[in-house]
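Notes to accompany the following structure.
The values are calculated or read from the model by the stated rules, or taken from the named source; none is laboratory data. The structure displayed is predicted, hence computed values, not measured ones. With ideal geometry, Cβ positions are generated from the backbone for all residues, glycine too; neighbour counts draw on all protein chains shown. Side chains included, ligands, DNA and RNA excluded: accessible areas come from the protein's heavy atoms. Shrake-Rupley method; radii C 1.70, N 1.55, O 1.52, S 1.80 Å.
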Amino acid sequence: MGGAYHLQVAATFLLLAAIASIAAAFDPSPLQDFCVAIDDPKLGVFVNGKFCKDPMQAKADDFTFSGLDRAGNTSNAVGSNVTLVNVDRLKGLNTLGISLARIDYAPYGGLNPPHTHPRATEILVVVKGSLYVGFVTSNPPKLFTKTLNVGDVFVFPIGLIHFQLNVANTNAIAFAGLSSQNPGTITIANAVFGSDPAINPDVLTKAFQVDKNVVDYLQKQFWPEN
């Protein structure tokens, strides 16, 4: 009886261990847009993340960033500025799966234009002003929006198109946490109409169901990266 019981417990433990090992057997999340495989490691340039400093050589400065107390310059076409603190600016973030941004918005109309973060969910808190924010789901697209005031928090799920618009007559400020050390940003208008080289106008004419002259005009515009 005792032996059978212990055998059953051991079998259950082994089964759970096997399930756990299967669940843990997945590819690591990418930390750049792509990583082309090569056979000769001597030809390698990028890795999925950063090389690690010897822990004995680490210092407090590796975990410190200064500057988020200063407003970003919003004198641009969209009236906003994003100051991103990712692993390129704060080396101690490496492997921790998190980054931070300060977003400044010009008075009424300052826009952080529709964009996505391919590698991160974003959580945003308003610390000054009022923002009209929203995101669009995958197909069939559904829009979720909210007007946020000071102290309000909103979440933008990973990979979904989202935006923020200042609807106050004063400057607005928000801070955002992102669930990647290198979340990446794809600004929709810039990606579609400002890519290098340009997307064939026939593709965009068909996709947007507009005249080719409209596409030509849009491709000639300067599309800011934010």
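A few remarks follow.
- Qualifying residue in segment 206-221 (condition: of a type in the set (A, V, I, L, M, F, W, C), in contact with a helix residue (DSSP H, G or I) (Cβ under 8 Å, 6 or more places away or on another chain), part of a helix (DSSP H, G or I) and open to solvent by less than 30 Å² (accessible area, probe 1.4 Å)): yes
- The lone exception for residue 169 - which of (1) more than 16 Å from residue 78 (Cβ to Cβ); (2) touching a strand residue (DSSP E or B) at 6+ places or on another chain (Cβ under 9 Å); (3) at pLDDT 95 or above; (4) not hydroxyl-bearing (Ser, Thr, Tyr) it fails: (2)
So that you can scan it fast, the table gives a plain yes or no per residue for (1) assigned to a loop (DSSP other than H, G, I, E, B); (2) farther than 24 Å from residue 31 by Cα; (3) open to solvent by less than 80 Å² (accessible area, probe 1.4 Å):
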| residue | (1), (2), (3) |
| --- | --- |
| 141 | yes, yes, no |
| 146 | no, yes, no |
| 151 | yes, yes, yes |
| 155 | no, no, yes |
| 158 | yes, no, no |
| 163 | no, no, yes |
| 168 | yes, yes, yes |
| 173 | no, yes, yes |
| 176 | no, no, yes |
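- Residue-level check: of (1) closer than 29 Å to residue 95 by Cα; (2) surrounded by 13 or more Cβ atoms within 10 Å (Cβ to Cβ), residue 137 misses just (2).
- One residue from 97, 72 being at pLDDT 95 or above and either of a type in the set (Phe, Trp, Tyr) or out of contact with any Phe, Trp or Tyr (no Cβ under 7 Å at 6 or more places or on another chain) (or both): 72
- Neighbours by Cβ (under 9 Å, 6+ apart or cross-chain): first from segment 133-150, closer than 17 Å to residue 109 by Cα; second of a type in the set (A, V, I, L, M) and open to solvent by 90 Å² or more (accessible area, probe 1.4 Å): 134/143
- Of everything in segment 87-108 that is in a loop (DSSP other than H, G, I, E, B) and among the charged types (D, E, K, R), the residue that is most open to solvent (accessible area, probe 1.4 Å) is 89.
- Test result for residue 78, among the β-branched types (Val, Ile, Thr), at pLDDT 85 or above and either part of a loop (DSSP other than H, G, I, E, B) or closer than 24 Å to residue 175 by Cβ (or both): yes
- Which numbered condition residue 180 misses (of (1) surrounded by fewer than 18 Cβ atoms within 10 Å (Cβ to Cβ); (2) in a loop (DSSP other than H, G, I, E, B); (3) among the polar types (S, T, N, Q)): (1)
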